[in-house]
Structure formats: structure tokens, C-alpha cells
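I have placed the structure first, in the form of C-alpha cells, so that the comments after it can refer back to it.
FYI, it's all coordinate maths here, none of it is from the lab. None of the values given here were measured: they were computed from a predicted structure. Reconstructed Cβ throughout: ideal geometry from the backbone, glycine too, with neighbour counts over all protein chains shown.
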Amino acid sequence: MDPVDVALLVVRVAFGVGLAAHGYNKVFGGGGLEGTARWFGSLGMRWPAFQARAAAGTEMGAGLLFAAGLLTPLAAAGMVSVMTVAAWTAHRHNGFFIFNKGEGWEYTVAIAIVAWAVGVIGPGRASLDHAVGLTDRWGPDRWTGLVIVTVVGLGAAVTMLAVCYRPGRVTS
């Protein structure tokens with residue numbers, strides 16, 4: 001196996017499992033989904049109970065798919081979408097650094113960029129996409145992966161924000 005394949009595997013597993021754990025925490029940590037929904041409502045999300053489930057499901061599903069290297073551009077798009085929404089709604093007012101008020105936007109954007117890059121580059125040979133022959137479907141020139149991860153990822157984030165985000169309005 002090529003060192004690039006090993007590097008892609010490590011990045012996919014680290015970021016994918018990390019994001020899945022974040023989603024798991026939304027469901028089973030602290031206040032559970034109810035607590036996550038309350039927090040989403042305090043951020044100005046319009047249907048916080050639905051959005052808590054959607055965010056947790058996206059984080060767990062996209063994270064695990066990304067880690068496995070299965071449907072990689074779509075998994076990466078899910079990661080880009082959820083991290084873009086998080087960066088905009090929960091973190092942008094706190095500055096760049098994560099240590100700023102404990103909530104800067106640098107980490108959410110870094111996760112989105114890593115996911116975007118892997119979605120474009122491809123998952124490597126140590127992936128389920130490669131094992132089942134899907135890597136050819138993403139295009140040998142990588143443009144298909146780029147279009148999928150960019151259009152679906154950013155499109156879903158912009159749509160979620162436009163339809164569901166009402167800053168300054170606390171909903172429950």
C-alpha cells in the first residue's frame with residue numbers, strides 16, 4: 001500500500017470517528033437530544049428538536065461512512081454541511097481561535113476543509129469505495145468528487161441556514 005493511502009486512511013478514521021463521536025454525544029451525552037435541542041433553540045434554530053436529530057444523525061452517519069471510505073464524496077459533503085452550519089450558528093461570534101471563549105470557529109472549519117479535501121482527492125485504496133469499485137465512479141480526474149462535496153455540502157448548509165436559522169429568536 002502506498003504511503004498516501006495510509007495517510008488518507010489515518011485522516012479518514014481520525015476525523016470520521018471523531019465526528020461520529022460528536023454526534024453520539026448529542027444523543028447520549030449530558031442532556032441528550034433534549035439538551036441538544038434546547039441549545040439549538042437558543043442559537044435560533046427554527047425546529048430545534050428536528051435539527052438536533054438531523055445534526056446528530058449526519059455527524060454519526062457521515063462520520064462513520066467517511067471513516068470507512070464508503071460513498072466518500074457524499075460522506076464528506078455531510079461533514080462539510082454540518083460543520084459549516086455549526087461554524088456559522090454557534091462559533092462565528094467567538095472569533096477564530098477555539099480557545100477564544102472556548103468556542104472559536106477554527107476547528108469546525110478545519111474539519112470541513114479536511115472532509116472537503118478527502119472528498120476531492122478520494123478515499124485511497126484502503127477504503128470500502130475502492131474495495132467495491134466505487135472510486136472509478138467518482139471520476140479519475142476527481143472533478144466528480146469536487147462537484148459532489150462542494151455543491152451538496154455547501155448547498156445543504158446554505159439551505160439549512162436559509163430555511164431554519166433565525167438568529168436572535170429563541171425557539172423551543
Checklist outcome for this item: For 115-125, 1-11, ranked highest to lowest by mean beta-carbon neighbours within 10 Å, the order is 115-125, 1-11
Item to check | Calculated P(r) tail over 16 Å for segment 61-136, as whole % of Cα pairs | outcome: 50
Item to check | Inter-centroid distance (Cα atoms) of segment 109-155 relative to segment 1-65, Å | outcome: 19
Item to check | Label point distance in nm, Arg166-Val10, each placed 7 Å from Cα along Cα→Cβ | outcome: 4.8
Next on the checklist: List residues of segment 65-106, by number, whose backbone nitrogen lies under 19 Å from a label position 7 Å along Cα→C-beta of Arg53.
Outcome noted: 82
Checklist entry - Between Ala117 and Leu154, what FRET efficiency comes out of the Förster formula 1/(1 + (r/R0)^6) with R0 = 22 Å and r the beta carbon distance, rounded to 0.05? => result 0.95
Checklist entry - Once you put a point 7 Å from the Cα of Ile98 and another 7 Å from the Cα of Leu64, both along the Cβ direction, what distance in nm separates them? => result 2.4
